[in-house]
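Shown next, in structure tokens, is the structure this report addresses.
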Amino acid sequence: MAIIICLPFVMVISSYSFKVAGMATFGLFAMWFLTFWWELARWINANLVDLLYRIDAAKLSWLSAANNLYDRMVLQFVEGMMFLVLPTLWVAVLGWAGMKVGSELARGIGDGGGKTAQGAGKQGGDKVQSKS
């Protein structure tokens with residue numbers, strides 16, 4: 001919600017830059033899509049526990065947990081990667097893609113529309129100078 005509230009101020013400060021608009025668009029999509037990644041991580045976490053410890057007694061016994069220290073480390077590593085690293089990479093990649101798309105849009109519009117407007121202004125200036 002804070003991102004949406006701050007977005008008009010960011011756009012005004014950036015002079016309505018296409019680069020910032022692209023980054024904001026892709027960034028908002030990335031933020032809204034994070035719930036999917038976290039739900040996937042939760043589901044994988046629950047199913048990995050069931051896969052590693054198929055027997056109910058192994059899930060409850062402290063002795064079997066001590067024997068499976070390596071499995072526990074793998075579980076914690078996968079949890080950390082799925083809950084923290086994967087969403088961070090997701091937001092970073094989509095933010096970078098938004099910056100690239102926005103800058104290419106700005107360059108394309110600037111090269112096409114800017115040159116035409118500059119040519120029209122030059123023609124008008126030439127006409128005014130020729131009449132003087």
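The values are calculated or read from the model by the stated rules, or taken from the named source; none is laboratory data. Computed from a predicted structure; not experimentally measured. No Cβ is skipped: glycine too gets one built from the backbone with ideal geometry, and neighbour counts run over all protein chains shown.
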Given A65, A58, A117, which one is surrounded by fewer than 12 Cβ atoms within 10 Å (Cβ to Cβ), among the hydrophobic types (A, V, I, L, M, F, W, C), in a helix (DSSP H, G or I) and at pLDDT below 70? A117
Looking at (1) more than 25 Å from L84 (Cα to Cα); (2) part of a helix (DSSP H, G or I), which is the one condition that is false for S15? (2)
Can you name every residue in segment 37-53 that is part of a helix (DSSP H, G or I) and without any contact (Cβ under 8 Å) to a residue 24 or more places away in the chain? E39, R42, W43, A46, N47, D50, L51, L52
Exception for G98 within (1) closer than 20 Å to M1 by Cα; (2) surrounded by 14 or more Cβ atoms within 10 Å (Cβ to Cβ); (3) modelled with pLDDT of 90 or more; (4) not charged (D, E, K, R) falls at (3)
